[in-house]
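Shown next, in structure tokens, is the structure this report addresses.
Please treat every number below as a calculation from the coordinates, not as lab data. Quantities reported herein were computed from a predicted structural model and do not represent experimental measurements. As a convention, Cβ positions derive from the backbone with ideal geometry for all residues, glycine included, and neighbour counts pool all protein chains shown.
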Amino acid sequence: MTQHYVPTPEEIRHAREKAGLTQTEAAELVCATCNAWQKWEATEGSNSARKMHPGIWKLFKIEMTKK
């Protein structure tokens with residue numbers, strides 16, 4: 001089975017900021033809520049932190065190539 005890469009919260013935040021997007025704008029690109037995006041960027045170990053699904057990370061990177 002193929003292992004899929006799960007980005008860290010820091011990688012997610014850096015990629016979004018590099019693209020010049022707000023959390024809301026980034027979430028809209030991958031059909032997610034701003035609340036979900038905030039959880040993906042939350043510091044690991046915090047109660048609200050959630051891991052981003054590898055497919056969403058891949059979709060975000062694809063959308064960034066279109067800009």
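Of all residue pairs spaced 6 or more apart or on separate chains, those with beta-carbon atoms under 7 Å, a first member in segment 1-29 that is in contact (Cβ under 8 Å) with a residue 12 or more places away in the chain and a second member that is small (Gly, Ala, Ser) and surrounded by 13 or more Cβ atoms within 10 Å (Cβ to Cβ) are 9/42; 9/49; 16/26.
Scanning for something crowded, with 18+ Cβ neighbours inside 10 Å, among the aromatic types (Phe, Trp, Tyr) and either in contact with a His (Cβ under 8 Å, 6 or more places away or on another chain) or on the phi < 0 side of the Ramachandran plot (or both), does segment 36-48 turn up at least one residue? Checking segment 36-48: at least one residue is crowded, with 18+ Cβ neighbours inside 10 Å, among the aromatic types (Phe, Trp, Tyr) and either in contact with a His (Cβ under 8 Å, 6 or more places away or on another chain) or on the phi < 0 side of the Ramachandran plot (or both). Taken together, the residues in segment 7-19 that are assigned to a loop (DSSP other than H, G, I, E, B), of a type outside the set (Gly, Ala, Ser) and touching a helix residue (DSSP H, G or I) at 6+ places or on another chain (Cβ under 6 Å) amount to 1.
Looking at the structure I just gave you, is residue 50 touching a helix residue (DSSP H, G or I) at 6+ places or on another chain (Cβ under 8 Å) and touching a residue at least 24 places away in the same chain (Cβ under 8 Å)? Answer is no for this residue.
Could we say that residue 27 is touching a Cys at 6+ places or on another chain (Cβ under 6 Å), assigned to a helix (DSSP H, G or I) and surrounded by 16 or more Cβ atoms within 10 Å (Cβ to Cβ) here? Yes: the conditions hold for residue 27.
Of everything listed in (1) closer than 26 Å to residue 2 by Cβ; (2) surrounded by 15 or more Cβ atoms within 10 Å (Cβ to Cβ); (3) not charged (D, E, K, R), the single unmet condition for residue 65 is (2).
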